[in-house]
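Q: Submitted below is the structure of interest, expressed as structure tokens.
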Amino acid sequence: MKLIGPLAAIVVCATLILPRVVVAQTAPSIPPSITTADKVETRVGTLEFKDGAPNRATAEKVFDNLDFTYAYRAFMDNMRGVSIHALRKGLQDIGVKDNEVIVFSELMDAKSLFLTANADTIYVIGTLDLSKGPMVVETPPKFLGTVQDAWFRWVIDLGLPGPDRGEGGKYLIVPPDYSGELPDGGFFVARARTNTIAWFGRSFLENHSDPKPVAETIKKFTKVYPYERGGVGTTVAEFLAGKAKLGRITPPPPTVIHEGSGKVFNRAGPANSDSSLSGFSA
């Protein structure tokens, strides 16, 4: 009778412990969704694995594909900057410096290499150097254009799509980190993120007529010059309040305008890795 008590206790304890021991020793099934097949067909070929680990050939294929994606990303991310650089270099090759203008008075032709140009509008192109301060671009009436930074990022539209709505206007392009005073009025102000700027646009022929009158209007109204701090656009009230200095009000220096028709130059960017981009700067 005395053994029944301890024996019963042992049986009860074993009964309670046994299910837990059995569960602990049974491995859970692995969901197929998280397993790696022995072979996987991909666009870079067949990838082989053993227990989820790639063999040497598979690892080499994967790393080669990774290198390709990095190279592709580098090419695509820099294509826009290379395009602006090529435009600037092409202009400099024919003597058009920063802050100068080239006008195709007799329309485009096939002598120069352009990516999207057409032969039935008058083109105007220029680059700006903002390293010394803001620059002003005055546009003619009935103009259609835009301003882009060194990475082909939009800065502001000119003319018909811009704030002057085709009436012609003064655009003040401000360099990055500029902290000087800006005018209260008289200019359409736009801040750029780089010191190198490209701007371009076109004017349309009127009733498909002679391009000469349109070209003359462009040359008459198009101006590029440095912004004179405290000049037009700065009020006397700001000066009296100590917020700005008063600058001189004088006519801007003449804009250098080049003729582009018949010129031979290349504004298309290189498409291979061997091409040199020395001198590229934002």
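Q: Nearest-5 percent of antiparallel DSSP beta bridges in region 99-256?
A: 90 percent
Q: Pick from Thr116, Thr35, Thr255 the residue whose mean-square fluctuation is largest in a GNM of the chain, springs joining Cα atoms under 10 Å.
A: Of Thr116, Thr35, Thr255, the Gaussian network model singles out Thr35 as fluctuating most.
Q: Counting other Cβ atoms within 10 Å, which trypsin sites (Lys or Arg not before Pro) in region 19-91 have at most 13 and lie in a DSSP loop?
A: Passing sites in region 19-91 are Arg43.
Q: From the residues His85, Pro252, Thr58, which one has its Cα farthest along the dipole of the chain in the positive direction, the dipole being from +1 and -1 charges on Cβ of Lys/Arg and Asp/Glu about the Cα centre?
A: In the chain, that residue is Thr58.
Q: Using a cut-off of 20 Å between alpha-carbon atoms, which lysines can reach Lys220, once sequence neighbours fewer than 8 places away in the same chain are excluded?
A: Lys97, Lys142, Lys170, Lys212
Q: Quick check for me: using +1 on Lys/Arg Cβ and -1 on Asp/Glu Cβ, what's the dipole size of the chain about its Cα centre, in debye to the nearest 20?
A: Here the chain has a charge dipole of around 720 debye.
Q: Mean Kyte-Doolittle of at least -1.0 and a Cα length of 20 Å or more along the axis: which whole DSSP H helices of the chain meet both?
A: Helices meeting the span and hydropathy rule in the chain are 4-24, 56-93.
Q: If I take every Cα pair under 8 Å that is 6 or more residues apart in region 101-183, average their sequence separation and divide by the length, what percent do I get for the relative contact order?
A: Relative contact order here is 25 percent.
Q: Nearest-5 percent of antiparallel DSSP beta bridges in the chain?
A: Expressed as a percentage, antiparallel bridges in the chain total about 85.
Q: Would you mind telling me which residue in Tyr178, Tyr72, Tyr123 has the biggest mean-square fluctuation in a Gaussian network model of the chain, where springs connect alpha carbons within a distance under 10 angstrom?
A: Tyr72
Q: Which listed residue (Pro28, Val137, Leu172) has the Cα farthest towards the positive end of the charge dipole for the chain, taking +1 on Lys and Arg C-beta and -1 on Asp and Glu C-beta about the Cα centre?
A: Pro28
Q: Can you give me the C-alpha center-to-center distance between region 135-194 and region 200-265, rounded to a whole angstrom?
A: 11 Å
Q: Separate question: Name the most mobile residue of Asp109, Asp210, Asp38, meaning the one with the largest mean-square fluctuation, in a Gaussian network model of the chain with Cα contacts below 10 Å.
A: Asp38
Q: Suppose only helical runs count, i.e. DSSP H with n ≥ 4. What mean residue ellipticity at 222 nm does that imply for the chain under -39500 (n - 2.57) per run, divided by all residues and rounded to the nearest 500 deg cm²/dmol?
A: It comes out at -9000 deg cm²/dmol, rounded to the nearest 500.
Q: Next question. In percent, how large is the relative contact order of the chain, given Cα pairs closer than 8 Å and 6 or more residues apart?
A: 22 percent
Q: Place the peptides 188-194, 136-142 in order of packing, highest mean first, counting for every residue the other Cβ atoms within 10 Å and averaging per peptide.
A: Per-residue mean Cβ counts within 10 Å order the peptides as 136-142, 188-194.
No value in this document is a laboratory result; all are computed from the given coordinates. Fair warning: this is a prediction, and the values are worked out from it, not measured in the lab. Positions of Cβ are backbone-derived with ideal geometry, glycine not excepted, and every protein chain shown enters the neighbour counts.
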